[in-house]
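Just below is one structure, and these are the notes that go with it.
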Amino acid sequence: MSHSNRTIAKDGLVTAASAHSTKLAIAKTGTLYGIGVGTGDPELLTLKGLRLLQQSPVVAFPAGIQGKPGMAEQIVAKWLQPHQVQLALSFPYVQDADVLNQAWGQAAELVWPYLQQAQDVAFVSEGDISFFSTFTYLAQTLQQQHPQAQVQAVPGICSPLAAAAALGIPLTMQAQRLAVLPALYHVSELETVLQWADVVVLMKVSSVYEQVWSILQQHQLLSRSYVVERATLPEQVVYKNLSDRPTLKLSYFSLLIVQVAEPSVVASRC
């Protein structure tokens with residue numbers, strides 16, 4: 001028997017043929033694509049994102065609540081093909097680390113069989129895939145459990161950029177310093193940020209809006225504060241100058257932008 005095309009294993013060492021087979025096995029796995037699909041308008045999906053979305057045999061997304069489709073699922077619905085497998089993954093809205101880790105692990109194990117069969121999976125997430133996205137946890141967990149998994153991220157338009165466009169204002173100019181707070185579990189954090197930031201974006205502001213309004217009133221910033229609800233969707237609502245709006249009934253997909261310092265003031269610091 002000829003051994004010209006292989007190396008015999010000695011003392012437990014992996015043979016060249018075995019290593020080659022391993023490389024082939026890894027090469028044959030599918031790719032998990034994380035695709036940022038924007039904030040609501042289906043036409044804000046990038047060309048690359050759309051191409052990968054439509055060519056992937058499996059499309060995964062965060063499951064909606066109470067049987068309703070989630071935001072990402074709604075955004076891509078018009079672009080999906082009948083033959084594509086649609087995979088809803090459950091990610092609970094809790095802060096318990098054990099519960100979250102279990103959910104991410106279960107989601108990774110639901111995705112892995114498709115990848116193992118050399119099928120690409122497109123995971124779609126509202127906004128940008130690297131901006132407070134569930135995809136981060138899914139991808140990290142998948143690669144921890146299956147190090148050979150291949151992952152690629154495709155950026156999208158995140159909500160602060162979409163909100164600024166809806167308002168018709170630049171998010172930042174010149175040397176302005178931007179601060180983004182994902183969720184104000186402690187409103188005192190806003191007081192600290194207002195001391196150094198020129199522009200502040202408050203994500204998921206609905207649950208703390210009244211407390212935030214009081215702080216902005218104390219700093220005389222209400223006239224330079226804006227709320228955008230459901231940016232780029234048909235039901236988008238914009239509130240400019242919050243001076244007479246101490247209370248607002250806002251949806252989950254709402255953010256607040258504060259222009260702490262005017263661009264001219266920032267320019268004088270340079």
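Things worth noting here:
- Degrees, to the nearest 10: 97-116 long Cα axis against longest axis of the chain: 50
- Share antiparallel - DSSP beta bridges, the chain, percent rounded to 5: 40
- Rounded to whole Hz, the Karplus (6.51, -1.76, 1.60) HN-Hα couplings of region 129-139, x for glycine and proline: 5, 10, 10, 6, 9, 4, 4, 4, 5, 4, 5
- Inter-label distance, Arg51 to Glu262: 4.6 nm, where each label sits 7 Å from its Cα along the C-beta direction.
- In this structure, the residue pairs whose Cα-Cα separation is over 27 Å, taken from Lys78/Lys249; Lys68/Lys249; Lys68/Lys240; Lys68/Lys204; Lys204/Lys240, are Lys78/Lys249; Lys68/Lys240.
- Debye equation applied to the C-alpha atoms of region 180-235, log10 I(q)/I(0) at 0.24 Å⁻¹: -1.05
- Using θ = phi - 60° and Karplus 6.51 cos²θ - 1.76 cosθ + 1.60, couplings along region 232-241 (whole Hz; Gly, Pro as x): 6, 8, x, 8, 4, 10, 10, 10, 10, 6
- The chain: angle of helix 209-218 to the longest principal axis, Cα-based, in degrees nearest 10: 50
- Normalised contact order of region 130-266, rounded percent, pairs of Cα under 8 Å and 6 or more residues apart: 25
- 15 Å beta-carbon shell around Ala166, net charge (K/R +1, D/E -1): -2
- Kirkwood radius for region 16-157, taken over all pairs of different Cα atoms as the inverse mean of 1/r, rounds to 15.4 Å.
- Length released on extending from Lys68 to Glu235, taking residue separation times 0.36 nm less the Cα-Cα span: 58.4 nm
- The overall shape of region 160-269, judged from the alpha-carbon gyration tensor, is oblate: a/c is not under 1.5, and a/b is no greater than b/c.
- Linear extension gain, Ala97 paired with Val187, 0.36 nm per residue minus alpha-carbon span: 30.2 nm
Values quoted throughout were computed directly from the atomic coordinates according to the rules given, and no laboratory measurement underlies them. Since the structure is predicted, the reported quantities are computational estimates derived from the model, not experimental observations. Here Cβ is always computed from backbone atoms with ideal geometry, including for glycine, and neighbour counts include all displayed protein chains.
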